[in-house]
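First the structure, in the form of structure tokens, and then the observations on it.
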Amino acid sequence: MVAKIIYDENLKMFHLSNDKISYIMHVDHHNVLTHIYMGGKVRNLSTLGIYPKFNRDFEVNPEEVGLDYRQFSLGILPLEYSGNNSGDFREPSLIIRDQEGSTVNDFRYIDHEIFDGVSQIDGLPSSYVEAQDEAKTLRLYLFDEALQHELVLNYTVFNNQPVIARSAKLINKSDQKSVIYKIASASVDVEPGDYDLLQLNGSWARERMVEREAIHTGIKKLDSKRGSSSHHQNPFIAILDKHTTEFRGKAVGYQLVYSGSHEMTVEKDPYQNLRVQLGIQSTGFEWNLSPEESFQTPEVLIAFSNQGINGLSQSYHDFIKQHIIPRKYAEFERPVLINNWEATYFDFTEEKVFDLVDKANELGIELFVLDDGWFGKRDDDFSSLGDWFEYHEKIPNGLKNIADYVHDKGMKFGLWFEPEMISEESELYKNHPDWVLHDVNKRASRGRSQYVLDMGRQEVRENIYTQMIEILDSIDIDYVKWDMNRNISETYSAALEDNKSGEANHRYILGLYDLLDRITSRYDNILFESCSGGGGRFDLGMLQYMPQVWTSDNTDPIARLKIQYGTSMIAPINTMGAHVSASPNHQTGRTTSIDFRAAVAYAGVYGYELDITSLNEDELASIAQQVRFYKENRALIQTGTFTRLMSPFEGNQVAWSIHNDNKMLLFYFEVLNEASKPLHKIKPMYLDPDVKYLVKYEGSEFEAYGDELMNLGIYIYPQLKNDFSARIFEITAI
Ligand code: GLA
């Protein structure tokens, strides 16, 4: 059903809905905007959810309710967006300081509008529609009389998606400057209950580990202060009912469309009310707002599932394909690639590159990516970032010659950049040492021996843009890998007038988005892959510009089971780069078979990242067969429905499947082998019970109906005999 927004004048209630969800708000006494409901669809604009008025001692009552009325307190109402220092003692959604030094902030509803389509968010990535009738937006206007600031809250509901997109914008309508210390994208007061929190934390080479915990009384803040969305805490959380499982029960997901420092706060008050907030990191944030200026927050996507965590992920997958990544990439088949990084690191020659290309071509690989080391004088990670011109001593016949060689083979050519960085040993640093983002009066930390460019500055972006387009205009390039290999410290922009630190990180991100927008829209034909030391910026902001991400620098298949499983919580697998690399693995030292490595990597945008010129005939034959298998199943893998079946965080067995209407690929993995182990079974889901299927695996085949397969399951027989083993079932409708 199409998206609908109703405003009931008598009840003063708003109802956003489609066939999957409802989101209800109420303008309560004194124009306080309260939250009534977010969840499965309800037919009526039910008044059931309106909060009763009653007295709680030691809560306070707004002045306008009068001296003898104690039944109305901001502090106990479920609010839509909380003020600060005005009688609600829970976490504020914003903190604004006026010229007199006051931080009393209290916004009340004044007006609204409803329109087709989404709310345009200037300068920030956000969910989009291609036709206006794909979504409806409610824009609520709130005002703080004393402060003379307007707060605009945007809510978009989409056709057939259980997702609400929210964002906020603050406008200074006074004649004085104010300062924003905090401004959340969204705040949701959830009804009292016993909930669990699901989060994705990690580190470099160990991104997006799934952690679930009970929510206790108090405040829990999950965040990144790293200047990027980070390996360490993905900007996503879900609030689960206590008994929610992978397939059953209620789950509400919150995902920020933002690539910078962020914070996610969950507060459970002593009355068991829950407040969930997401937004830009408030620690260190300080934004000047002059008269008539406005500040726009990033967007949050709130998704609802009554089919467990898996249902939540599948909704996000579908939504991201339709409304976040450029829509042409929802169906676009991504080429099988080979990247030279783990094959050669910095140490490549033209000859070596040609050997790799020749071999890759023989194996059916479609795209060759030349990674780090082709520019400046880059032979290691100590120099040349910022010098985006060819390294002639290393590539004497030029990049164009390599690109032509690759194209002559009928393959595509890709190139690596790290546009946001600068090495001390570079032409760029010699000419513009002041372009480094750091406190000019203090020491600057290095990360991977490099500095960060101040992307908030127009002239810095212009320089990098000019250098990049010189390469991209003169050489036929089909793919770009955009990397970012350190986190940001000493945030301080010499170019800002005052507030040099408080605004610098967000201005960096706005600058980055501006540069990304210019580059990606200029080269419509180039497939962009985002990377930050692997998956350090795997967020929906980056995905808007670049439809795939290098999921992790860790290519060990056992580690990848967890990383890819965790990443599938937030994004579809056609956004996840997954490569077969060398064994023993360069990150973990683990030895695994080439078939096992491929079996794990199939669930993603597939490729290779090892020296294929040094493999034996058997391994090469395996690769040729793997590439054939992936290509045959590519449309299914990249556009089908991904389902998590058995979790690597819970045990030794892991399983997932990918299906469309005609076919399913069912992947089963065992991490370690055991003696005298149980005879395991696997039960696929989402088959059609009435359809007969042909099931094929390892040279065997049988036929069965969907109901048999789903209810009785398939024995893992013959049993798997080794550590790190996999079985893939191809289940095709007859
Ligand atoms: C990062 C990336 C790698 C590779 C190197 C090159 O670590 O994640 O894939 O591109 O940089 O320096």
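The values are calculated or read from the model by the stated rules, or taken from the named source; none is laboratory data. Worth saying up front: this structure is predicted, and the values here are computed from it rather than measured. As a convention, Cβ positions derive from the backbone with ideal geometry for all residues, glycine included, and neighbour counts pool all protein chains shown. Heavy atoms of the whole protein, side chains included, go into the accessibility calculation; ligands, DNA and RNA do not. Shrake-Rupley method; radii C 1.70, N 1.55, O 1.52, S 1.80 Å.
Structure notes:
- Area accessible to solvent at ASP223, 1.4 Å probe radius, in Å²: 40
- Scattering profile of the chain at q = 0.06, 0.10, 0.11 Å⁻¹ [log10 I(q)/I(0), Debye over alpha-carbon scatterers]: -0.38, -1.02, -1.20
- Distance between the range 1-57 and the range 415-472 - C-alpha centres, whole angstrom: 49
- Antiparallel beta bridges, as assigned by DSSP with both residues in the range 328-639, represent about 15 percent of the total such bridges.
- Accessible surface of the range 592-700, 1.4 Å probe, proportion on carbon and sulfur as whole %: 46
- Cα-projected label distance for ALA131 with TYR715, points at 7 Å along beta-carbon direction, nm: 5.2
- Peptides 48-60, 342-354 ordered by average Cβ neighbours within 10 Å, highest first: 342-354, 48-60
- Between SER474 and ARG139, residue separation times 0.36 nm minus the direct Cα-Cα distance comes to 116.0 nm.
- Degrees between helix 308-323 axis and first principal axis of the chain (Cα, 0 to 90, nearest 10): 80
- 16 Å tail of the calculated P(r), the range 78-117, as % of Cα pairs: 46
- Judged by the mean number of other Cβ atoms found within 10 Å, the most tightly packed of the peptides 472-483, 363-374, 708-719, 692-703 leads the ranking 363-374, 472-483, 708-719, 692-703.
- For the range 589-603 versus the range 504-561, the gap between their alpha-carbon centres in whole angstrom: 25
- Heavy-atom accessible surface of the range 4-324: percent carbon and sulfur, 1.4 Å: 46
- Per residue, the convex hull volume that the Cα atoms of the range 488-546 enclose (Å³): 93
- Compactness of the range 4-324 is given as radius of gyration and Dmax, 18.8, 61 Å, from Cα positions.
- Once the convex hull of all Cα atoms in the range 579-734 is built, its volume per residue stands at 124 Å³.
- Orientation-averaged projection of the range 94-164 equals 6.1 nm² [convex hull of Cα atoms, one quarter of hull surface area].
- Overall Cα dimensions of the range 300-391, principal axis frame, Å, largest first: 55, 35, 23
- Relative contact order [Cα under 8 Å, 6+ residues apart], the chain, whole percent: 10
- Calculated FRET efficiency, GLU424 to ARG522, Cβ-Cβ distance, R0 = 35 Å: about 0.70 to the nearest 0.05.
- Normalising the average separation of contacting C-alpha pairs (under 8 angstrom, six or more residues apart) by the number of residues puts the relative contact order of the range 328-639 at 19 percent.
- For the chain, the longest principal axis of the C-alpha atoms and the axis of helix 350-363 are separated by about 90°.
- Across the range 190-349, the mean sequence separation of Cα contacts (distance under 8 Å, 6 or more residues apart), normalised by length, yields a relative contact order of 21 percent.
- Sorted peptide list for 148-161, 598-611, criterion being average Cβ within 10 angstrom, highest first: 598-611, 148-161
- Accessible area per residue for the chain is 38 Å², calculated with a 1.4 Å probe on protein heavy atoms, without ligands, DNA or RNA.
- At 1.567 mPa s and 4 °C, Stokes D of the range 328-639 from Kirkwood alpha-carbon radius, µm² per second: 65
- Here the Debye sum runs over all C-alpha atoms of the range 231-340 as equal scatterers in vacuum, and log10 of I(q)/I(0) at q = 0.13, 0.17, 0.24 Å⁻¹ comes out as -0.70, -1.01, -1.31.
- Sites matching trypsin sites (Lys or Arg not before Pro) across the range 151-257 that sit in DSSP coil, with at most 16 neighbouring C-beta atoms within 10 Å: LYS173, LYS177, LYS242, ARG248
- If you wrap the Cα atoms of the range 62-132 in a convex hull and average its projected area over all directions, you get 7.9 nm².
- Contour excess over end-to-end distance, with Cα ends at VAL42 and PHE382 and 0.36 nm allotted per residue: 116.5 nm
- Beta bridges per DSSP with both ends in the chain, % antiparallel, nearest 5: 85
- Rounded to the nearest angstrom and listed largest first, the equivalent-ellipsoid semi-axes of the range 133-279 from its Cα gyration tensor are 28, 19, 17.
- The residue list PRO689, HIS659, ALA726 was ranked by how far each Cα lies along the charge dipole of the range 653-733 toward its positive end, using unit charges on Cβ atoms, and ALA726 comes out on top.
- For the range 664-687 versus the range 263-288, the gap between their alpha-carbon centres in whole angstrom: 41
- Descending semi-axes in Å of the range 653-733, equivalent ellipsoid built from Cα gyration tensor: 23, 12, 11
- Helical runs assigned H by DSSP (4 residues or longer) give the chain a calculated mean residue ellipticity at 222 nm of -6000 deg cm²/dmol, each run adding -39500 (n - 2.57) before division by the residue total.
- For TYR492, the shell of other residues with beta-carbons less than 15 Å away shows a net charge of -2, using +1 for Lys and Arg and -1 for Asp and Glu.
- Hull shadow area, averaged, the range 562-634 [alpha-carbon convex hull, nm²]: 5.0
- Relative to the longest principal axis of the Cα atoms of the chain, the long axis of helix 458-474 lies at roughly 30 degrees.
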